[in-house]
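Trainee: First, the structure itself, so that you have it in front of you.
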Amino acid sequence: MIYLHYHVGDFLAFYHIQRAWGRLGGSWLNVFTALKSFWSSGYDIDRLMAVISICALWLLFKKKMYMEVIF
């Protein structure tokens, strides 16, 4: 945040750029939104990455790597 404030002048630039792209709810809400719309027409990289992320989290949980799941 200090780096962004120094170089861009806005220490919340990472949040504001997400708002500009229409991703207001944070990362978990984006994953669930992508999963909810997974079966709609067309393919989208966000939907694919949401499914891959959920599968990776499940695999980490099964291997009892709880800190990695939380991270």
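Trainee: From the set of residues in region 60-71 that are assigned to a helix (DSSP H, G or I) and closer than 18 Å to Phe32 by Cα, which is most open to solvent (accessible area, probe 1.4 Å)? Write out each step before concluding.
Mentor: To start, the set of residues in region 60-71 that are assigned to a helix (DSSP H, G or I) comprises 60-62, 66-70.
Checking which are closer than 18 Å to Phe32 by Cα leaves us with 69-70.
Details: Val69: 37, Ile70: 133 Å².
Within region 60-71, the match that is most open to solvent (accessible area, probe 1.4 Å) is Ile70.
Trainee: Give me the pairs, please: first residue somewhere in region 50-71 and under 19 Å from Leu29 (Cβ atoms), second residue anywhere and at pLDDT 90 or above and open to solvent by 90 Å² or more (accessible area, probe 1.4 Å), beta-carbon distance under 8 Å, and either six or more positions apart or on two chains.
Mentor: If the second residue must be at pLDDT 90 or above and open to solvent by 90 Å² or more (accessible area, probe 1.4 Å), the pairs left are Val69/Phe61.
Trainee: I'm trying to understand the selection: among the residues of region 49-59, which are modelled with pLDDT of 90 or more and either exposed (fewer than 11 other Cβ atoms within 10 Å of the Cβ) or out of contact with any helix residue (DSSP H, G or I) (no Cβ under 8 Å at 6 or more places or on another chain) (or both)? Walk me through it before giving the result.
Mentor: Of the residues in region 49-59, the ones modelled with pLDDT of 90 or more are 55-59.
Answer for region 49-59, where residues must be modelled with pLDDT of 90 or more and either exposed (fewer than 11 other Cβ atoms within 10 Å of the Cβ) or out of contact with any helix residue (DSSP H, G or I) (no Cβ under 8 Å at 6 or more places or on another chain) (or both): Cys55, Ala56, Trp58, Leu59.
Trainee: Looking at Ser41, Ser37 in this structure, which one is of a type in the set (S, T, N, Q), at pLDDT below 85 and open to solvent by 70 Å² or more (accessible area, probe 1.4 Å)? Give the steps one after another, and end with the answer.
Mentor: Values: Ser37 fails: open to solvent by 70 Å² or more (accessible area, probe 1.4 Å).
Selected residue: Ser41, the only one of Ser41, Ser37 that is of a type in the set (S, T, N, Q), at pLDDT below 85 and open to solvent by 70 Å² or more (accessible area, probe 1.4 Å).
The values are calculated or read from the model by the stated rules, or taken from the named source; none is laboratory data. Bear in mind the structure is a predicted one, so any value in this text is a computation, not a measurement. All Cβ positions, even for glycine, are placed from backbone atoms using ideal geometry, and neighbour counts span all protein chains on display. Side chains are part of the model used for accessible areas, which takes the heavy atoms of the whole protein and leaves out ligands, DNA and RNA. Shrake-Rupley method; radii C 1.70, N 1.55, O 1.52, S 1.80 Å.
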